[in-house]
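For reference, the structure discussed in these notes is given below.
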Amino acid sequence: MKYSEKVMDHFTNPRNVGEIENADGVGVVGNAKCGDIMKMYLKIDENDVIVDCKFKTFGCGAAIATSSMATELVKGHTIDEALKLTNSAVVEALDGLPPVKVHCSVLAEEAIKTAVADYYNKIGRPVDFEIEKAHDEE
Ligand code: FES
């Protein structure tokens with residue numbers, strides 16, 4: 001199995017690792033098959049801009065690399081833009097993943113959407129989007 005340089009870079013030197021205290025939205029997701037867990041924290045300002053984003057991933061290298069890349073792709077962007085971020089876009093930004101590892105990238109998309117849903121629940125905004133579940137994937 002061969003990983004791209006970008007995957008190796010984000011795996012060995014992941015960006016935005018950690019927690020945000022008093023985060024506006026937190027999303028915890030897991031893949032039941034491999035047991036990997038990802039926790040995503042979002043800080044959102046009054047204009048719906050994600051001003052900070054941090055993650056903790058207890059999982060495989062591909063899951064760590066995709067969560068790292070996903071935080072970079074949503075940071076500084078609006079919630080609407082973040083909700084449009086698909087796992088394939090994250091994989092593309094990493095110059096690809098081996099096919100057996102693509103399911104790991106679904107966790108990152110799911111974690112961000114779950115964190116946004118948590119924020120919506122907190123502020124009483126209806127959750128009007130679907131969250132694709134990583135564990136439904138083969
Ligand atoms: Fe579990 Fe990659 S093997 S997320």
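The values are calculated or read from the model by the stated rules, or taken from the named source; none is laboratory data. Nothing here was measured: the structure is a model prediction, and the numbers come from that model. Here Cβ is always computed from backbone atoms with ideal geometry, including for glycine, and neighbour counts include all displayed protein chains. Accessible surface areas use protein heavy atoms only, side chains included; no ligands, DNA or RNA. Shrake-Rupley method; radii C 1.70, N 1.55, O 1.52, S 1.80 Å.
Within the stretch 86-99, the residues that satisfy the criterion of being in contact with a helix residue (DSSP H, G or I) (Cβ under 9 Å, 6 or more places away or on another chain) and either in a helix (DSSP H, G or I) or in contact (Cβ under 8 Å) with a residue 60 or more places away in the chain (or both) are Asn87, Ser88, Ala89, Val90, Val91, Ala93, Leu94, Asp95, Gly96, Leu97, Pro98. Residues in the stretch 105-122: is at least one within 15 Å of the ligand (Cβ to nearest atom) and more than 10 Å from the chain's Cα centre (by Cα)? Scanning the stretch 105-122, I find no residue that is within 15 Å of the ligand (Cβ to nearest atom) and more than 10 Å from the chain's Cα centre (by Cα), so the answer is no. Within the bounds of the stretch 71-84, is there any residue that is part of a helix (DSSP H, G or I), within 13 Å of the ligand (Cβ to nearest atom) and open to solvent by 40 Å² or more (accessible area, probe 1.4 Å)? Checked the stretch 71-84: no residue is part of a helix (DSSP H, G or I), within 13 Å of the ligand (Cβ to nearest atom) and open to solvent by 40 Å² or more (accessible area, probe 1.4 Å). If only residues of the stretch 17-35 that are surrounded by fewer than 20 Cβ atoms within 10 Å (Cβ to Cβ) and under 14 Å from the mean Cα position of the chain (by Cα) are counted, the one that is nearest to Ser67 (Cα to Cα) is Val17.
Would you say Val102 is at pLDDT below 95, under 24 Å from Asp128 (Cβ atoms), out of contact with any strand residue (DSSP E or B) (no Cβ under 8 Å at 6 or more places or on another chain) and not in a loop (DSSP other than H, G, I, E, B)? So Val102 fails the test.
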